[in-house]
Amino acid sequence: MTELKESMQKAQARLKKRHAAETRFKAFGIGALVFAFLCVVMLFSSIISNGYTGFRQSYMKIDITFDESVIDPQGKRDFDTLNRADYGKIVKQSLYDFFPDVKKRGDKRTLSNLVSSNAAYTLRDMVVADPSLIGTSQSVWVMASDEVDMLIKNVFKREDDESTRPITNKEIAWVEKYESENRIETRFNTNFFTAGDSREPEQAGIRGALMGSALTMLITLALSFPCGVMAAIYLEEFAPKNKFTHIVEVNINNLAAVPSIVFGLLGLAIFLNIFGMPRSAPVAGGFVLALMTLPTIIIASRAALKSIPPSIMEAAIGVGASKMQAVFHHQLPLALPGILTGTIIGMAQALGETAPLLMIGMVAFIADVPGWINDPATVLPVQVYLWADSPERAFVEKTSAAIMVLLGFLITMNALAVLLRKKLERRW
Amino acid sequence: MKPMTKENAIDIDKSVDINNEMTNPQVSSLQIPAEEVKIKAEDVRVRYGEKEALFGINLDIPQSKVTSFIGPSGCGKSTFLRCLNRMNDTIDGCSVTGNIHMDGVDILSKQVDTVLLRAKIGMVFQKPNPFPKSIYDNVAYGPRLHGLGNSKSDMDEIVETSLEKVGLLKEVKDRLLEPGTGLSGGQQQRLCIARAIAVDPEILLMDEPCSALDPIATAKIEELIDELRGSYTIVIVTHSMQQAARVSQQTAFFHLGNLVEYGETEQIFTSPQDERTKGYITGRFG
Ligand SMILES: Nc1ncnc2c1ncn2[C@@H]1O[C@H](COP(=O)(O)OP(=O)(O)O)[C@@H](O)[C@H]1O
Ligand SMILES: [Mg+2]
């Protein structure tokens with residue numbers, strides 16, 4: 001009797017222990033999930049809170065006198081003269097006129113730095129477009145310098161001690177005079193999307209990196225998609241099942257796990273040094289990333305081809321299609337959603353890749369927007385890396401803004417992949 | 001597996017096959033005049049890699065009749081059927097030896113173009129397998145492959161007559177462009193038959209065409225087989241003895257890779273000669 005009781009108690013204790021273990025396990029699972037979610041929230045909120053101001057830019061309205069003696073003293077009005085004239089001087093003059101009390105040379109230099117050097121280009125473009133402006137006076141909105149921009153965006157705080165911020169009280173007073181006359185406003189920063197990289201944060205844009213990424217992706221896609229799909233079809237449907245194809249298969253799977261920097265070194269050694277492709281160019285970057293993307297596409301395509309029921313192939317072969325016709329008329333079109341999904345995911349990986357591109361020189365400072373695949377270029381993630389490395393405070397928001405653009409593309413691509421899969425997938 | 005052939009060998013004196021008395025254990029009560037033989041199979045052996053699936057099949061299939069293959073599953077009915085249109089070619093490691101003549105032509109020979117062969121020998125599969133395309137494209141696929149119906153109106157006619165023949169035209173007339181996979185199972189199977197006959201074959205091979213269908217759809221297919229009999233030589237694999245009895249004129253009973261008995265359907269079902277046939281038909285095994 002007591003024995004039975006004892007063994008029952010023991011069983012009870014074991015049961016309790018098991019329940020406790022289960023509860024613990026569940027708690028760990030939920031904990032891990034919460035932790036992961038918090039990390040994502042933190043990452044995103046940090047990026048967004050740092051970056052959203054990057055999409056806005058402060059502009060100042062200054063009164064400009066288009067002085068003929070500065071722009072075109074000889075009255076030629078030809079493009080060359082108008083294009084090369086010293087508009088910076090006109091901009092400075094406008095600022096000096098606004099503050100007639102500023103006399104000291106040092107102060108004058110500081111004063112002229114309130115507006116971006118981009119202001120001169122704004123004026124030049126206006127005059128070139130309409131030479132009749134010469135001799136007139138106009139109010140013109142020009143870009144503020146990055147320090148003023150940071151002040152307006154309250155990154156540099158007025159209440160802080162003067163020594164701790166890069167903008168002096170004197171400068172703040174000048175800015176406040178403009179503010180009091182409603183001559184300062186922040187607008188959507190179109191320049192961020194239309195300009196290439198620049199040393200001046202307020203003038204830096206991601207157009208160059210975007211174009212570089214687009215051109216690189218173009219090469220990557222053009223190389224890896226057809227090669228990958230063809231390789232997958234051959235391996236899946238036509239290749240004899242022997243040792244050689246087995247080795248090929250194993251190595252394709254291995255290739256998918258090779259660190260990306262190795263592909264960069266390979267590209268440096270082969271594409272640049274042996275084939276003599278241009279350094280820093282999307283064409284070389286595209287080749288390197290194509291190598292990296294190939295295994296992903298091959299593996300995804302093979303899985304997609306394998307998932308098509310053999311009865312469809314049988315049906316086609318049964319009415320007299322050759323194997324190749326059966327594959328290209330039926331199996332491949334049906335597998336295409338899966339193949340495209342794999343391709344998009346592979347491309348998204350390639351889009352976010354930095355390391356291999358550093359090896360082939362796509363990390364240089366390039367202010368021009370690349371026009372074609374052999375122009376020097378950089379790509380979005382490398383641009384992020386470059387800006388993150390820059391000392392100016394205003395580059396912080398640019399970095400985060402560029403990350404947001406990059407993440408936007410990646411999320412769009414992944415969403416597209418999911419959508420494609422949902423939409424085109426057939427069930428049998 | 002191999003010794004089975006010898007073990008299962010039955011009284012040789014019952015065998016009427018004159019050519020292969022020694023090796024072939026088969027009982028055949030069938031006398032088909034030579035000119036009516038559409039397909040003549042001699043000593044067909046099939047192996048999948050190391051595994052033997054058929055041990056020397058000898059069988060004459062008469063023209064414009066329905067021949068059914070019955071037998072327990074795994075006995076090689078489908079395997080033999082797939083030999084007839086060389087579908088086994090597509091299976092890795094499958095080898096077929098022996099002779100199969102169709103209208104006197106050796107169809108196992110390397111010179112035979114399987115594409116043309118399969119245009120002459122249509123096939124319908126166990127599970128309805130329409131292409132996930134429109135009904136029209138399903139039927140038109142074969143003719144397009146073989147360059148038939150070059151003009152739009154010719155193709156329309158081929159599609160319509162094919163659908164008409166399988167009695168599907170009335171049902172799908174105004175949704176020819178809708179996907180074939182949207183039809184009911186029975187309709188899908190008839191669509192597959194229409195697809196097979198659209199290339200104007202001489203022979204139709206059907207591998208358990210009704211096993212995935214409900215009784216009403218099955219009855220329709222059986223009716224259809226009866227109608228098609230005049231124009232095509234039909235070979236049907238079935239696991240239902242009632243079906244074999246209803247639709248076929250000849251029945252062949254397979255067992256463990258051997259053709260055990262072959263004869264007039266009525267004779268097979270009323271007075272089987274072989275013990276195994278008897279056992280299978282009376283439901284003692286299978
Ligand atoms: N593709 C294949 N690979 C290997 N063995 C197969 C294959 N198809 C059929 N077999 C084998 O051949 C034998 C006959 O199969 P099958 O012809 O499909 O039988 P049935 O149609 O009479 O049920 C079975 O033992 C089966 O396991
Ligand atoms: Mg079968």
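Scanning the stretch B:56-83 for residues that are within 11 Å of ligand 1 (Cβ to nearest atom), aliphatic (A, V, I, L, M) and more than 14 Å from chain A (Cβ to nearest Cβ) gives a single hit, B:Ile70. Just so you know, in the stretch B:78-95 the residues that are within 14 Å of the chain's Cα centre (by Cα) and open to solvent by 10 Å² or more (accessible area, probe 1.4 Å) include one that is farthest from ligand 2 (Cβ to nearest atom), and it is B:Arg86.
Sort out which residues of the stretch B:230-242 are within 14 Å of ligand 2 (Cβ to nearest atom) and open to solvent by 10 Å² or more (accessible area, probe 1.4 Å), and write them in order of number. Of everything in the stretch B:230-242, those that are within 14 Å of ligand 2 (Cβ to nearest atom) and open to solvent by 10 Å² or more (accessible area, probe 1.4 Å) turn out to be B:His239, B:Ser240.
Set side by side, the residues A:Leu410, A:Leu358, A:Leu416 differ, and just one is in contact (Cβ under 8 Å) with a residue 60 or more places away in the chain, more than 28 Å from A:Leu272 (Cβ to Cβ), in a helix (DSSP H, G or I) and not charged (D, E, K, R), which is A:Leu416. Of the residues A:Ile308, A:Ile312, A:Ile373, which is in a loop (DSSP other than H, G, I, E, B), within 14 Å of chain B (Cβ to nearest Cβ) and surrounded by fewer than 22 Cβ atoms within 10 Å (Cβ to Cβ)? Only one candidate passes the filter, namely A:Ile308.
Of all the numbered requirements in (1) assigned to a helix (DSSP H, G or I); (2) open to solvent by 10 Å² or more (accessible area, probe 1.4 Å); (3) of a type in the set (S, T, N, Q), A:Ser198 misses one, and that requirement is (1). Restricting B:Phe125, B:Phe131 to those that are within 16 Å of ligand 1 (Cβ to nearest atom), within 14 Å of chain A (Cβ to nearest Cβ), modelled with pLDDT of 90 or more and within 23 Å of B:Gln189 (Cβ to Cβ) reduces the list to B:Phe125.
Taken as a whole, the condition of being of a type in the set (Val, Ile, Thr), more than 13 Å from ligand 2 (Cβ to nearest atom) and more than 12 Å from the chain's Cα centre (by Cα) does not apply to B:Ile61. Filtered by the rule that a residue be touching a residue at least 24 places away in the same chain (Cβ under 8 Å), closer than 30 Å to A:Gly135 by Cβ, part of a helix (DSSP H, G or I) and open to solvent by less than 40 Å² (accessible area, probe 1.4 Å), the stretch A:29-83 gives A:Ile71, A:Leu82. Of everything listed in (1) free of Cβ contacts under 8 Å to residues at least 40 places away in the same chain; (2) open to solvent by 10 Å² or more (accessible area, probe 1.4 Å); (3) within 14 Å of chain A (Cβ to nearest Cβ), the single unmet condition for B:Ser162 is (2).
Of the residues making up the stretch A:168-195, those that are open to solvent by less than 60 Å² (accessible area, probe 1.4 Å) and small (Gly, Ala, Ser) are A:Ala173, A:Ala195.
Among the residues of the stretch B:105-121, is there at least one that is within 16 Å of ligand 1 (Cβ to nearest atom) and open to solvent by less than 60 Å² (accessible area, probe 1.4 Å)? Looking for residues that are within 16 Å of ligand 1 (Cβ to nearest atom) and open to solvent by less than 60 Å² (accessible area, probe 1.4 Å), one finds none in the stretch B:105-121, hence no. The condition of being buried (at least 23 other Cβ atoms within 10 Å of the Cβ) and under 30 Å from B:Glu171 (Cα atoms) holds for only one of B:Ile216, B:Ile225, B:Ile268, that being B:Ile225. Candidates are the residues of the stretch A:382-391 that are in a helix (DSSP H, G or I) and touching a residue at least 40 places away in the same chain (Cβ under 8 Å); the one that is surrounded by the most Cβ atoms within 10 Å (Cβ to Cβ) is A:Gln383.
The residues listed here are A:Gln325, A:Gln349; of these, the one that is open to solvent by 30 Å² or more (accessible area, probe 1.4 Å), away from chain B (no Cβ under 14 Å), part of a helix (DSSP H, G or I) and farther than 15 Å from A:Gly208 by Cβ is A:Gln349.
Taken as a whole, the stretch B:94-117 holds at least one residue that is part of a helix (DSSP H, G or I), within 14 Å of chain A (Cβ to nearest Cβ) and modelled with pLDDT of 90 or more. Total residues in the stretch B:131-141 satisfying the condition of being open to solvent by less than 10 Å² (accessible area, probe 1.4 Å) and in contact with a strand residue (DSSP E or B) (Cβ under 8 Å, 6 or more places away or on another chain): the figure is 1.
Looking only at residues in the stretch B:31-52 that are within 16 Å of ligand 2 (Cβ to nearest atom) and either over 17 Å from the mean Cα position of the chain (by Cα) or within 14 Å of chain A (Cβ to nearest Cβ) (or both), the one that is least open to solvent (accessible area, probe 1.4 Å) is B:Tyr48. When A:Ser280 is tested against (1) touching a Gly at 6+ places or on another chain (Cβ under 8 Å); (2) closer than 24 Å to A:Gly342 by Cα; (3) in a loop (DSSP other than H, G, I, E, B), only condition (2) is not met.
Any chance the stretch B:206-213 includes a residue that's away from ligand 2 (no atom under 16 Å from the Cβ), farther than 28 Å from B:Leu117 by Cα and either acidic (Asp, Glu) or at pLDDT below 90 (or both)? Scanning the stretch B:206-213 turns up no residue that is away from ligand 2 (no atom under 16 Å from the Cβ), farther than 28 Å from B:Leu117 by Cα and either acidic (Asp, Glu) or at pLDDT below 90 (or both).
The values are calculated or read from the model by the stated rules, or taken from the named source; none is laboratory data. Because the structure is predicted, anything quoted here is derived from the model rather than measured. Don't worry about glycine lacking a Cβ; one is built from the backbone with ideal geometry, like all the others, and counts go over all protein chains shown. Just the protein is used for accessible areas: all its heavy atoms, side chains included, with ligands, DNA and RNA removed. Shrake-Rupley method; radii C 1.70, N 1.55, O 1.52, S 1.80 Å.
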